[in-house]
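Here's the structure we're looking at; comments come further down.
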Amino acid sequence: MCTLERKGNIFILTLTGPGEHRLNPTLIDSIQSALTQVRAAVTTTSASSLPAALITTAHGKFFSNGYDLSWAQSSQSRTYLMDAKLRSLVSDFISLPVPTIAAVSGHASAAGFILALSHDHLLMRRDRGFIYMSELDIERILPAWFLALIESKVGSPRARRDLMLRADKVTADVAVKKGIIDSAHDSAEETVEAAVRLGEDLVGRKWNGHVYAQIRMDLLSEVLDEIRGDNGTSMRSKL
């Protein structure tokens, strides 16, 4: 599950507990409910919103270890449901009228990395954790919308190759060099503190949140097209 805390104009969404924060319908619904609360809190009219920022982080050694495959393995319909819910959640992140920051406090694997990558800014602790697109190792096909999001956020073809065609486990300092994340920090606490400072700087710009969200949606229009067009059939286990 998750909690949502407000500190002034900064919202902090935390995936709670010591587990792997596997993405299943229960956790995804909890995160989506938190985003709904943020949207309601900052929206003043249909054309304006209060300046704010959202930080997402997690307790324990995992930011998120991806889809809850053990929950989904009992039926194909569960797999489709899980993917549909994550597509809806990522769409909500993209349309949220505030800047978003992922403070990655541990391992971010597969769909867990996609969750982090759905944010505008990505900060990561360097003393523990890695980014890992595990699909090649576990013989799963990447959904087209995963590929679209990674292509839109990771500029280097070599970095994308290493993520998806080598299944590298990328630590924070390496991820900074590859242009995958914005910055690396010495601990989970320092990562969140840096995210709060960044959030305060962004809030200080006093942007119109609806304009911000529309620009983001336009910038990521190809990702949104893939999200709307993917019915989950790309989530197959093997070629």
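The values are calculated or read from the model by the stated rules, or taken from the named source; none is laboratory data. Here the structure is a predicted model, which means the values were calculated and not measured. Ideal geometry is used to build each Cβ from the backbone, glycine not excepted, and the neighbour counts take in all protein chains shown. Accessible surface is based on the protein model in full, side chains and every heavy atom, while ligands, DNA and RNA are left aside. Shrake-Rupley method; radii C 1.70, N 1.55, O 1.52, S 1.80 Å.
Values for this structure:
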item: Accessible area in the full protein assembly, largest first, 1.4 Å probe, for E226, E135; result: E226, E135
item: Computed [θ] at 222 nm, helices only, for the chain once each DSSP H run of length n ≥ 4 contributes -39500 (n - 2.57); result: -14000 deg cm²/dmol
item: Cβ-derived FRET efficiency at R0 35 Å, S48 paired with E139, nearest 0.05; result: 0.15
item: Carbon plus sulfur fraction of accessible area for the chain, probe 1.4 Å, in percent; result: 50 percent
item: Whole-angstrom gap from region 116-149 to region 85-105, using each part's C-alpha centre; result: 14 Å
item: Fully extended contour minus Cα-Cα distance, from D127 to S88, at 0.36 nm per residue; result: 10.8 nm
item: Other-chain or far-sequence residues with amide H under 5 Å of T43's (modelled H); result: L50
item: Choice from A102, A111, A47 showing the highest fluctuation, given a GNM over the chain with Cα pairs closer than 10 Å; result: A47
item: Computed lengthening from S33 to S221, 0.36 nm per intervening residue step minus Cα-Cα distance; result: 65.3 nm
item: K7, K153, reordered so the largest accessible area comes first (probe 1.4 Å); result: K7, K153
item: Of [x] 0.95; [y] 1.26; [z] 1.53, the label for Cα Rg over 2.2 N^0.38 Å derived from the coordinates; result: [x]
item: Karplus-derived 3J(HN,Hα), 6.51/-1.76/1.60, for each residue of region 154-169, Hz, glycine and proline x; result: 10, x, 7, x, 5, 5, 5, 4, 5, 5, 9, 10, 10, 6, 5, 9
item: Per residue accessible area of region 2-230, 1.4 Å probe, in Å²; result: 43 Å²
item: Antiparallel bridges, percent of DSSP beta bridges restricted to region 70-196 (to nearest 5); result: 20 percent
item: Karplus-derived HN-Hα couplings along region 115-121 (A = 6.51, B = -1.76, C = 1.60, θ = phi - 60°), whole Hz, x at Gly and Pro; result: 4, 4, 5, 6, 8, 6, 10
item: Local net charge near R128, Cβ-Cβ under 13 Å (Lys/Arg +1, Asp/Glu -1); result: -1
item: In order through region 82-98: 3J(HN,Hα) via Karplus (6.51 cos²θ - 1.76 cosθ + 1.60), integer Hz, x for Gly, Pro; result: 4, 5, 4, 5, 5, 4, 5, 5, 5, 4, 5, 4, 5, 9, 5, x, 9
item: Modelled FRET efficiency - R0 22 Å, N208 with A40, Cβ distances, 0.05 increments; result: 0.80
item: The chain: angle of helix 209-219 to the longest principal axis, Cα-based, in degrees nearest 10; result: 30 degrees
item: Antiparallel bridges, percent of DSSP beta bridges restricted to the chain (to nearest 5); result: 30 percent
item: Gap separating the Cα centres of region 6-60 and region 187-220, nearest whole Å; result: 13 Å
item: The chain: relative contact order as a whole-number percent, Cα under 8 Å and 6+ apart; result: 23 percent
item: Residue-span extension gain [Q76 to S95] - 0.36 nm each, minus C-alpha spacing; result: 3.9 nm
item: Surface accessible to a 1.4 Å probe, H21 within the full protein complex, Å²; result: 20 Å²
item: Which of M164, M1, M82 is most accessible, then next, and so on - probe 1.4 Å; result: M1, M164, M82
item: Cross-link partners of K169 among aspartates and glutamates (Cα-Cα below 19 Å; sequence separation of 8 or more within a chain); result: E20, D127, E135, D137, E139, E151, D182, D186
